[in-house]
Amino acid sequence: MFNAIALGALTAAGIPAFLDKEEGLLIAHPTDVPQDQATTGHHVTVASLPYGGGYWATAWECAGKSDFIEVATVFKAEDLALCVQAVAEWFTTPRPTAGAVLLAALAKWGITAHSDDIGMSYAIPVDQTTPAADARNRPHLSVGDRSPSIEHVPAAHTGWTMFLHDENGEPIGEPLYISGKGGPVDCDTDSATIAELIADMVTYPI
């Protein structure tokens, strides 16, 4: 039943997918890749979580005959519609990310954020004239996702968390902002909300 419903949802969204009967899961692939070559390149498996816990979409790359490398968890939650959306976003070129949504929200306030180059979090200097190289060594706000990642697709966003850091880069106290409870959170709304809070803090620092 799970496979039929999920396969129908993926197909309705225009995502090529098929059932791998041997593995008991669905394999989704780019539209320009034929089904018989789906696992020879980048693809996403969609499986059911135990005890009716939802859907688990995982991205893979082929690393040789019958050998695959796990690239990332694309989605892991109960909502099938969001799972399908996450898979669709994953195959979009260029791929949208929650981090890009946040940066766009911050840009509306004229705020610059600096990534950590490993896709984990952003640093927003309280003094926006701070050079990028010193962003994490001066008073700043750090923003990350519960995942933890800033490169997940927007449909898989689970909520931003923000900490204030002192002049040595050390976190101070409890989070100043935290959203969600571990499940998916609307990325646009969450990003707009935290961006407005950051704008207030950068303009009127604590």
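Observations
- Residue order, fewest to most surrounding Cβ atoms within 10 angstrom, among Val71, Val126, Val44: Val71, Val126, Val44
- Cα-based Rg of region 108-206 normalised by 2.2 N^0.38 Å, two decimals: 1.02
- For region 64-77, 3J(HN,Hα) computed residue by residue from phi via the Karplus equation (6.51, -1.76, 1.60; θ = phi - 60°) reads x, 4, 6, 10, 9, 10, 6, 8, 5, 7, 7, 6, 7, 5 Hz, glycine and proline entered as x.
- Ranked by how many other Cβ atoms sit within 10 Å of their own Cβ, fewest first, the residues Ile172, Ile150, Ile124 fall in the order Ile172, Ile124, Ile150.
- Karplus-derived 3J(HN,Hα) values for region 103-111, using 6.51 cos²θ - 1.76 cosθ + 1.60 with θ = phi - 60°, are 4, 5, 5, 5, 4, 5, 9, x, 9 Hz; glycine and proline are entered as x.
- 0 to 90° range, to nearest 10: angle between helix 80-90 axis and the chain longest Cα axis: 80
- Basic side chains Lys and Arg get +1 at the Cβ, acidic Asp and Glu get -1 at the Cβ, and with that the dipole of region 1-131 about its Cα centre reaches some 280 debye.
- The alpha carbons of region 2-90 give a radius of gyration and a Dmax of 12.0, 35 Å, in that order.
- Packing-based order for 139-147, 2-10, 75-83, using average beta carbon neighbours within 10 Å, highest first: 139-147, 75-83, 2-10
- Across region 194-200, coupling constants 3J(HN,Hα) worked out from phi with the 6.51/-1.76/1.60 Karplus curve, θ = phi - 60°, read 6, 5, 5, 5, 4, 4, 5 Hz, and Gly and Pro carry x.
- A helix-only calculation puts the chain at -7500 deg cm²/dmol for mean residue ellipticity at 222 nm, using -39500 (n - 2.57) for each DSSP H run of at least four residues, averaged over all residues.
- Cα centroid separation - region 115-138 against region 170-201, whole Å: 17
- Matching the structure-derived Cα Rg over 2.2 N^0.38 Å against the labelled list (1) 1.16; (2) 1.03; (3) 1.97 gives the label (1).
- Candidates Gln128, Gln85, Gln37: whichever shows maximal mean-square fluctuation once the chain is modelled as a Gaussian network with Cα springs under 10 Å: Gln37
Throughout, read-outs are computed from the coordinates displayed, never taken from laboratory work. Everything numeric here is computed off the predicted structure, so don't read it as measured data. As a convention, Cβ positions derive from the backbone with ideal geometry for all residues, glycine included, and neighbour counts pool all protein chains shown.
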